[in-house]
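This report concerns only the one structure given below.
Every number here is computed from the coordinates shown, using simple stated rules; none is lab data. Treat the numbers as computed from the prediction; the structure is a model and nothing was measured. All Cβ positions, even for glycine, are placed from backbone atoms using ideal geometry, and neighbour counts span all protein chains on display.
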Amino acid sequence: MDYIELIKEIMINKNINQKQLGLTLGLSQSQVSELLNEKYKPSYDTIFIICSKLSIPPNVFFNLENFDDNIKTYNIFAKDENTLLKEYRKLDRTMKNVAKQYIESLIEIQNNKK
C-alpha cells in the first residue's frame, strides 16, 4: 500500500474529509486534494508532519522494506486485517490473483443476498 492509499484509508476510518485533514496537517484543502491526486509532492518536513499526525510509518513514503512489521505497531488495521494482510503478502503473484478473485466472489455473493 502506498502512502496515498494509506492516507485515504485513514480518512475513511476517522471519518474526516480533505478540509479536516488539512487542518490537522496544516495544509489547505486544495493541497490535500493535490496530494491525494498525486499532483503535489510533499516536502520532507510535510512528510514527517503527516507521519506524526496520522501515525504513519515514515518508511511508507520512501518504499522501505519491513512495512509489514510496522503495520501492527501503528494499529492502522484491525488485528484480523493485519493477519490477513501479512499472510496475503506471503503469496506469489498468481496466488494473490486467486485470493482477489475469491474475495470478489464473496462480495458478489454478499451483495446478492441483500
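Descriptive notes on the structure:
- Each peptide among 26-36, 9-19 gets the average number of other Cβ atoms lying within 10 Å of its residues, and from highest to lowest they stand as 26-36, 9-19.
- Segment 10-49, relative contact order [Cα under 8 Å, separation at least 6], %: 25 percent
- Computed over neighbours whose Cβ is under 14 Å from that of Ile16, the net charge equals +3, Lys and Arg +1, Asp and Glu -1.
- Simple spin-label estimate for Glu108 and Glu81 in nanometres, 7 Å along Cα-Cβ: 2.5 nm
- Nonlocal amide H pairs with Tyr40, under 5 Å, H built at 1.01 Å: Leu35
- Of all lysines in the structure, the ones whose alpha carbon falls short of 21 Å from that of Lys41, not counting any fewer than 8 places away in one chain, are Lys8, Lys19, Lys53.
- Largest-first principal axis extents of the Cα set of segment 1-63 (Å): 26, 22, 19
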